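S.K.: Pasting in a structure now, in structure tokens, and then I'll have a few things to ask.
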């Protein structure tokens, strides 16, 4: 069997896959999401933990992705403390491995402790102007357990009705 079909061979030099930008999930929406990736990132000197959440429920948002920047090293001590509290809550919902460390978690620590864990999230909407264009997206304002779904596969996630928001 060939990798390419006759339809592929007929494709011209231009192609558009469709899709496009999504409107953000509405503010104050509760979802069930799994952590796909958690690692340290840096942008223009701002170092933070970047978490990629994949939404699994409710059905109308299934497959959507939300990125969370957890700025545990913020220059403002109050903001850094709030970010560490968010990370601690995420970690407790994921089993508590990070809180057992005596040092700053490494990429390996973050990935092994958090990847694949599911939680209930409350989402908000951010809006700002970037390069002259108005942009918007979602941010995570709250996390909580997803009724035992933390050890389940995404297809077996708790229903949206179980989200405590």
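S.K.: Quick one: order 99, 110 by neighbouring beta-carbon count within 10 Å, fewest to most.
M.R.: Ascending number of Cβ neighbours within 10 Å: 99, 110.
S.K.: Note down the relative contact order for region 71-122 as a percent, whole number, built from C-alpha pairs under 8 angstrom at least six residues apart.
M.R.: 26 percent
S.K.: At R0 = 41 Å, how high is the FRET efficiency between residue 101 and residue 22 if r is their beta carbon distance? Nearest 0.05 is fine.
M.R.: The value I calculate is 0.70.
S.K.: What ranking of 118, 86 emerges when the number of other C-beta atoms within 10 Å of each C-beta is taken as an exposure proxy, fewest first?
M.R.: So the ranking, lowest neighbour count to highest, is 86, 118.
S.K.: Sorting 67, 22 on the 10 Å Cβ count, fewest up front, what's the list?
M.R.: In order of increasing Cβ crowding within 10 Å: 22, 67.
S.K.: Moving on to the next point. Please tell me the relative contact order of region 8-116 in percent, rounded to the nearest whole number, where contacts are Cα pairs under 8 Å and at least six residues apart.
M.R.: Averaging sequence separation for qualifying contacts and normalising by length gives 22 percent for region 8-116.
Computed from the coordinates by the stated procedures, all read-outs in this text should not be read as laboratory data. Only a predicted model underlies this, so the values are computations on that prediction, with no experimental measurement involved. Methodologically, a virtual Cβ is constructed for each residue, glycine included, from the backbone with ideal geometry; neighbour enumeration extends over all protein chains shown.
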